[in-house]
1. Within a 10 angstrom radius of the beta carbon, how do 646, 612, 460 rank from fewest other beta carbons to most?
2. Work out the charge dipole of segment 202-253 with +1 on the Cβ of Lys and Arg and -1 on the Cβ of Asp and Glu about the Cα centre, then indicate which of 241, 214, 251 is farthest towards its positive end.
3. In whole Hz, what ³J(HN,Hα) sequence does segment 549-566 give by Karplus (6.51, -1.76, 1.60; θ = phi - 60°), x for Gly and Pro?
4. Explain nothing, just compute: Karplus ³J(HN,Hα) = 6.51 cos²θ - 1.76 cosθ + 1.60, θ = phi - 60°, for every residue of segment 10-27 in order, whole Hz, x for Gly and Pro.
5. Could you tell me which of the pairs 21/113; 63/132; 172/255; 113/290; 113/249 are separated by over 20 angstrom between their Cα atoms in the structure shown?
6. Is the shape of the chain best called rounded, prolate or oblate, per the rule: a/c under 1.5 gives rounded, else a/b larger than b/c gives prolate, else oblate, with a ≥ b ≥ c the square roots of the Cα gyration tensor eigenvalues?
7. Helix-only estimate, please: 222 nm mean residue ellipticity of the chain, summing -39500 (n - 2.57) across DSSP H runs of length 4 or more and dividing by its residues, to the nearest 500.
8. With the crude spin-label approximation of a point 7 Å out along Cα→Cβ, what separation in nm comes out for residue 428 versus residue 349?
Amino acid sequence: MCETCRGKYYITTPIYYPSAKLHIGHSYCTVATDAMARYKRLQGYDVLFLTGTDEHGQKIEDKAREAGVTPQQYVDNIVIGEGGVLDLWKLMNISYDRFIRTTDDYHVAAIQKIFKKMYDNGDIYKGTYKGKYCKPCESFWTESQLVDGKCPDCGREVQDAEEEAYFFRLSKYAGRVRDLLVNTDYLEPRSRVNEMVNNFIDPGLEDLCVSRTSFTWGVPVDFDPGHVVYVWIDALFNYMTALGFENDKYHDLDKFWPADVHFVGKEIVRFHSIIWPAMLMSLNLPLPKKVYGHGWLNFNGEKMSKSRGNVVDPYVLAQRFGVDALRFFLLRTFPFGSDGNFTNELLISTINTDLANDLGNLVSRTVAMAQKYFGEKLPLTQTADPEKDAELIAMASALRGKYETQMEAFAFQNALSEIFKVISRANKYIDENTPWVLAKTEEGKPRLARVLYNLLETIRICGGLLSPFMPDTAAQIARRLGGAAMDWDSLGRFGVLSADAATVAGAPLFPRIDVEKELSALEELSKPAAPQEDPLPEKLPEIAFDDFARVEMTVVKVLTCEKVKKSEKLLKFTLNDGTKEPRTILSGIAKYYEPEQLVGKTLVAVTNLAPRKMMGQLSCGMLLSAERGDKLHLVMLDDGVPAGSRLV
Ligand code: ME8
């Protein structure tokens, strides 16, 4: 441990499923974790902030197959590919210290050892699983756990499933886990404890299926080929393998385990508050100090998903509003433990009110006045006026303490409210002290300098405490105050800024957004892109009527139609062309029609085309079809038109 550090702090996010690109809801937890990690660093803790990706499971295997790539290629594309998870965290200014992928070799080998240890100690045994399986959640459920016959986590259909599998003796730990949840503050917010106890523990914990044989994209059980370990043991132990548990890649276990807090979304609280401690108990390992289950962000009242388009795309939002504004909005607007409803109106109004009006104006006005009236240096000759300055100074001085209380409780919204109360008070202080009036007389100048100093000092404290939420903005504010100190100690004291500090003017920190204009721009973005019209085919040169008249076009009826062996393109037709002998035509339209769709149909064929051999068979003519882009339609006539009729 370093001499000057206040201690260690280990904080984690869930590791994300790279089954699709992430949306702004996914950034919620990571931004919150980042704010917490930065806050702890600011306080002087030696922080390890872990995030990563949970890359195994049937869903990934299925998606990769659909995409025609290997599962590894599939996850690589979403995790390290352009615009993937790593790029997103870079964009969102996420200061993680370590990133784990469950496909990393060291993790896979460690999971195999962990599985074997639990098998050897008797907590993992082989059995047969019969139950209901939710494929998207990769969860087995008992009949009694289903809600209206559907998955209790996601509400989707479940399937009957039965297979040989390994089980973890979760039931054995029910009593100890219950005690942990009820009698300690392991799980927060407290409301989630009741949910876990009433819905899962008290109805009876069943042993947990921890291996599968029906897919291969998992960690292989090395002593029983065919079985793979997936989500439970594989994903949850990431928090420890990333520190070096059962591997030599890292050596931070003694220093950082147990974790100080795991931040997780509410739907995975069950995994982290029941299964995870039970597995750790099985191996006699220390339990994490806390699991915090945050709420979900909905979008306009509905569940967020990338299919809702650009408006939930963090790239689009960050480009339009800026990363700091977006980070701020997420944590300022919604209480972390509850669900929140993300709307564009709310996003814009929060930026306009808090950032453009309150914070932005305070900084611009104060810096502009300091420069205009005094240039570089404030001639500080007067002390603070007890009557006029006491409240602002008291509020700014007490801010760090209030903020700390809220941050320690993960109440980010309240911590930000405390800061904005002081910012509002400072804006009011400008109006009360009318610096522009003081500036008119020489006698007013000493007081004016003191007023501006008090404002700059308040801005310094607020800016510094905002730094975990808006790191770039805080750095910008520090620059404008001439490189003001924003370390933890200085943020707890009023009067740190030197009167010599050379303020620097700059563009507004947050330009005001035109609400109507921005809303309609976002509305446009949320519309699905209009389907692209295929270009019209090129025009052909003019021909004489006689040339046209030489083409014999005949009405034909389809007698039989079948696929041509070894050809993906060709269908073979026998056709009644009005003569006694059926005509054979081969046509490259297998991709557009099933043969049985066409039997009995009335089509048009060019019947005087020289015969042509295709795949060893003679084709006598050509069926007419209409083509545009990648679509094709055979020309079909009313069935009343007799075979053999000539088109003229
Ligand atoms: O759950 N609002 O991964 P995941 C808030 N691999 N949070 C949201 C959200 C929204 N709209 N949508 C998703 C997994 N999240 C597992 C974790 S940990 C050992 C294994 C949150 O990619 C969600 O609640 O499905 C979860 O905490 C996180 O994003 C990752 O979700």
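1. Numbers: 646 10, 612 13, 460 24.
Going from least to most buried by this count: 646, 612, 460.
2. Looking along the dipole axis, the top candidate is 214.
3. Once θ is set to phi - 60°, the couplings for segment 549-566 become 5, 6, 8, 9, 10, 10, 6, 10, 10, 7, 8, 9, 8, 8, 6, 8, 4, 6 Hz.
4. Running phi through 6.51 cos²θ - 1.76 cosθ + 1.60 with θ = phi - 60° gives 10, 10, 10, 9, x, 8, 7, 7, x, 8, 7, 5, 7, 10, 5, x, 5, 6 Hz.
5. Numbers: 21/113 32 Å; 63/132 22 Å; 172/255 30 Å; 113/290 26 Å; 113/249 15 Å.
In this structure, 21/113; 63/132; 172/255; 113/290 lie more than 20 Å apart at Cα.
6. Working: a/c = 3.23, a/b = 1.57, b/c = 2.05.
Verdict is oblate for the chain.
7. -11000 deg cm²/dmol
8. 2.2 nm
Every number in this text was worked out from the coordinates using simple rules, so none of it is lab data. No experiment lies behind these values; they were computed from the predicted model shown. Backbone-built Cβ (ideal geometry, glycine too); neighbour counts: all protein chains shown.
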